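Data block below; observations after.
The values are calculated or read from the model by the stated rules, or taken from the named source; none is laboratory data. Note that this is a predicted model, so its numbers are computed, not measured. Cβ coordinates were reconstructed from backbone atoms using ideal geometry, including for glycine residues, and neighbour counts include every protein chain displayed. What goes into the accessible areas is simple: the full protein's heavy atoms, side chains included, and nothing from ligands, DNA or RNA. Shrake-Rupley method; radii C 1.70, N 1.55, O 1.52, S 1.80 Å.
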Amino acid sequence: MTTIRPATPIPPARPPRLPVTLPPPPPSISTPEELLAGADRLLGTATASTTGVWPRAVALLLRHALEEALRRYWQARKPQLAHCPPHAQALCLESYADPDTARRWSATWAGLSRACHYHGYELAPTQGELWAWRDDVDRVIGALTLRTR
């Protein structure tokens, strides 16, 4: 009887991977209020040179202000959550802040995230939509700031 041997040796099993610890997120240079002011400037001064760009730029500034406000909230309340992704932070928000603020944060973040990306079949957000999101972001920032004091 003949024994068939494999052409190449079977490699040994890999050792298990150790969990990777992520470095803390770098502190933002801008406060949520400064990002909101930048969005206001763009909303109020759309020019021919910013045509087609400013709606998404405003959406990005608003979303970053929302994320930064949430990060600062967690840094003050539970620093270990400040290192988690925004989705995880938002899931925990309802347990620490009021449900209305948590829902408003999630709904506004989802709308702004959708508006930040180009889609061949969708138009850029309108100025009215951006102003509504801006007001929502301002309310959320105010609610989160009050709860950290």
Q.
Multiplying the sequence separation of Leu123 and Glu94 by 0.36 nm and subtracting their Cα-Cα distance, what value in nm do you get?
A. 7.2 nm
**Q.** Simple label model, 7 Å out from Cα along Cβ direction - Thr145 to Arg114, nm
**A.** 2.8
**Q.** segment 63-131, accessible area per residue, ligands and nucleic acids excluded (1.4 Å, Å²)
**A.** 55
**Q.** Dipole magnitude of segment 66-149 about its Cα centre (Cβ charges: Lys, Arg +1; Asp, Glu -1), debye to nearest 20
**A.** 400
Q.
Tell me which of Pro79, Gln89, His119 sits at the most positive position along the dipole axis of segment 38-129, charges placed on C-beta atoms (Lys, Arg +1; Asp, Glu -1).
A. Pro79
